[in-house]
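Engineer: I'd like to ask some things about the structure below.
The values are calculated or read from the model by the stated rules, or taken from the named source; none is laboratory data. Computed from a predicted model, the values in this text were never measured in an experiment. Quick reminder, even Gly has a Cβ in these numbers, built from the backbone with ideal geometry, and neighbours come from all protein chains shown.
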Amino acid sequence: MTVASFVAALLSVPAAAVAFTLVYAVGGTTDVSLTKVATAMVGVHVLIGIGEAAITALTVGAVIAVRPDLVYGARGLTRSLKLRVGGELVDAPAAAPAAPAAARSTRTLWIAGIVTSLVLAGFVSFYASANPDGLEKVAHDKGIDKKAEEHATADSPLADYGVKDITDARLSGGLAGVIGVGVTVIAGSAVFWTLRRRRSGDASAAAVPGADEGADTVPEAAPAGDGGGRSRTPGGEA
């Protein structure tokens, strides 16, 4: 699983570079040859991909080691406990099923995550590296950005990682980060809430038919006068 995540991360970054090269081939406005663009983009992004692959593999490996149930492909991969008896490894006796634990509130986790995100976006982001990323470096080195123009939304309120009309760079960038975190939390919460309601509705709909079948089952009445029973007639009991 860790190797798979490493390979996936390693291939995804150069694949994005190849996709940009295809877009450049269709709509490029400079005279830089396609071969130079492809070679530079893939070469730079392979190095970036190695770093991202290492980070991804370490993260996935750490999660699998502690909580494999959180990784879809790692569910059911837990190994049985082994004991060394007489110099040989044997399976440990199965433990008695534990009593169901009470449901834990996720409020503390949510609050900690939001506070951490706000600190990173509003304060730590100011100290991010100002060096260009892979695409910007290749564009500058190969002259692809010679005919670059302002984006159509360059005057938007949150353009260029800042808040419009705020001259203080630290405050402008911090506010932009905080606003971005807020929008992301609201959008993500709305999606999760919608999916949760849909799943709850599907589960309720699936449970109702079984309950109705059990409730609607009525035993048939025995025929009158069957066997040793009695039947009442106008003249009395027979």
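Engineer: Tally up the residues in the range 124-179 that are without any contact (Cβ under 8 Å) to a residue 12 or more places away in the chain and touching a Leu at 6+ places or on another chain (Cβ under 9 Å), please.
Structural biologist: 2
Engineer: When both residues are 6+ apart or on different chains and their Cβ atoms are under 9 Å apart, which pairs have a first residue that lies in the range 6-22 and is closer than 16 Å to Ala139 by Cα, and a second that is modelled with pLDDT under 90 and surrounded by fewer than 13 Cβ atoms within 10 Å (Cβ to Cβ)?
Structural biologist: Between residues of the range 6-22 that are closer than 16 Å to Ala139 by Cα and residues that are modelled with pLDDT under 90 and surrounded by fewer than 13 Cβ atoms within 10 Å (Cβ to Cβ), the close pairs are Thr21/Leu34.
Engineer: Could you figure out which of (1) closer than 18 Å to Lys142 by Cα; (2) touching a Phe, Trp or Tyr at 6+ places or on another chain (Cβ under 8 Å) isn't true of Thr35?
Structural biologist: Thr35 satisfies all of (1) closer than 18 Å to Lys142 by Cα; (2) touching a Phe, Trp or Tyr at 6+ places or on another chain (Cβ under 8 Å) except (2).
Engineer: If I ask for residues that are closer than 16 Å to Ala121 by Cα and either part of a loop (DSSP other than H, G, I, E, B) or not aliphatic (A, V, I, L, M) (or both), which ones from the range 174-193 would you list?
Structural biologist: Matches in the range 174-193: Gly174, Gly177, Gly180, Gly182, Thr184.
Engineer: In addition: Taking the residues in the range 27-41 that are outside any helix (DSSP H, G or I) and out of contact with any helix residue (DSSP H, G or I) (no Cβ under 7 Å at 6 or more places or on another chain) as candidates, determine which candidate is surrounded by the most Cβ atoms within 10 Å (Cβ to Cβ). Spell out the reasoning first.
Structural biologist: First, pick out the residues of the range 27-41 that are outside any helix (DSSP H, G or I): 28-33.
Then drop every residue that is not out of contact with any helix residue (DSSP H, G or I) (no Cβ under 7 Å at 6 or more places or on another chain), which leaves 28, 31, 33.
Numbers: Gly28: 15, Asp31: 7, Ser33: 11.
Among those residues, the one meeting the criterion is Gly28.
Engineer: Follow-up. Can you tell me how many residues in the range 129-155 are surrounded by 10 or more Cβ atoms within 10 Å (Cβ to Cβ), in contact with a helix residue (DSSP H, G or I) (Cβ under 9 Å, 6 or more places away or on another chain) and among the small types (Gly, Ala, Ser)?
Structural biologist: 3
Engineer: Testing Leu171 on (1) closer than 25 Å to Ala38 by Cα; (2) of a type in the set (A, V, I, L, M); (3) in a helix (DSSP H, G or I), one condition comes back false. Which one is that?
Structural biologist: (1)
Engineer: Return a yes/no flag: does the range 145-157 have any residue that is of a type in the set (Ser, Thr, Tyr), closer than 30 Å to Asp31 by Cβ and at pLDDT below 90.
Structural biologist: Taking every residue of the range 145-157 in turn, at least one turns out to be of a type in the set (Ser, Thr, Tyr), closer than 30 Å to Asp31 by Cβ and at pLDDT below 90.
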